[in-house]
Structure formats: C-alpha cells, structure tokens
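Structure record follows, encoded as structure tokens.
The values are calculated or read from the model by the stated rules, or taken from the named source; none is laboratory data. Please read these numbers as outputs of a predicted model, since none were measured by experiment. Positions of Cβ are backbone-derived with ideal geometry, glycine not excepted, and every protein chain shown enters the neighbour counts.
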Amino acid sequence: MAIQNALRGRDAECATLDRLVEEVRSGKSRALVLRGEPGVGKTALLDYAIGSAPDLRVLRAVGVESEMELAFASLQQLCAPMLDRLGRLPGPQQDALSVAFGLSAGKLRINSWSGLRR
Ligand SMILES: Nc1ncnc2c1ncn2[C@@H]1O[C@H](COP(=O)(O)OP(=O)(O)OP(=O)(O)O)[C@@H](O)[C@H]1O
Ligand SMILES: [Mg+2]
C-alpha cells in the first residue's frame, strides 16, 4: 500500500494490520491493542489500517480527560452512530446498552456485556 511505503521500518506491523483487516473483511471479529511510547507511530499505523479498508465502516473514540467522570463516555462515542441498530442485539445486551445510554430506566448488570456480538 502507498502509505506503507511512507512508514519506515513497519513492515511487520503493517502485515499484522493487513491480516486483521482481511479477517474482519471476511466476517470475523477481531481485536488488537496497539500501544507504545508517545510519538512512536501508533496513530500512523491506525491511519494505515483505516486507509487500507475504505470498504469497511470505521468507528473511532478518543479518551478525553474531562469525560473521566462520565459513565460509558467512550462507549457512547463508539455506539452513537449505530444506535439505530440497537433492536438487532439480543435482549440482555440491548437492555444493557439502553440503560447505559439513558434510553431506558433500569439497573446495569455488568455481566450483561458478556457475549456481546455485532
Ligand atoms: N514508521 C514511520 N515512518 C515514518 N514516519 C513515521 C512513522 N511512524 C510515525 N511517523 C511520523 O512520526 C510522527 C509521530 O507519529 P504518530 O503521531 O503516529 O505517533 P503516536 O504514537 O500516535 O504519538 P502519540 O503517542 O503522541 O499519539 C508523525 O509525524 C508520523 O507521521
Ligand atoms: Mg497518536
């Protein structure tokens, strides 16, 4: 990929990301934690992955210090664009998200999250 040429010394990381994108494209669920020292190139690698997947829907969330006290702030960022599909989730996960986002009253049971699938 064009962007990969600009990422010096990142062939292995780009290959890992290529594999992950390909697996997601084929319908598999994948997670990857990308971590490193400040300025080491994390965002550049994420941009590479996003650039290699124009056919996939990309959702982003960022940690904002002022939102630390807000429950589920990052989850809101991630899920807000897809809330119209809430009804497609199984009952327990639907209930959990509805309560977490203040769409319905209720008590949130943390184990409601287990088994959450797309
Ligand atoms: N492999 C690379 N080859 C060339 N330039 C790179 C590479 N990785 C990153 N850069 C450049 O280095 C700078 C810092 O990269 P980047 O912003 O991706 O780091 P980061 O790990 O996300 O930093 P932060 O921790 O501050 O978020 C950017 O200008 C980016 O374009
Ligand atoms: Mg960054």
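Observations on the model:
- If only residues of region 4-24 that are surrounded by 10 or more Cβ atoms within 10 Å (Cβ to Cβ) and of a type in the set (Gly, Ala, Ser) are counted, the one that is nearest to ligand 2 (Cβ to nearest atom) is ALA6.
- Summed over region 34-53, residues that are of a type in the set (Lys, Arg), more than 7 Å from ligand 1 (Cβ to nearest atom) and either assigned to a helix (DSSP H, G or I) or touching an Asp or Glu at 6+ places or on another chain (Cβ under 9 Å) (or both) total 0.
- Residues located in region 30-75, provided they are within 16 Å of ligand 2 (Cβ to nearest atom), of a type in the set (D, E, K, R) and touching a Leu at 6+ places or on another chain (Cβ under 6 Å): LYS42
- Inter-residue pairs, beta-carbon under 7 Å, first outside the structural domain of LYS42 (by TED's automatic domain parsing) and in region 11-30, second at pLDDT below 95 and of a type outside the set (Ser, Thr, Tyr), 6+ apart: none
- Residue selection: GLY27 fails the criterion of being within 16 Å of ligand 2 (Cβ to nearest atom) and out of contact with any Gly (no Cβ under 9 Å at 6 or more places or on another chain).
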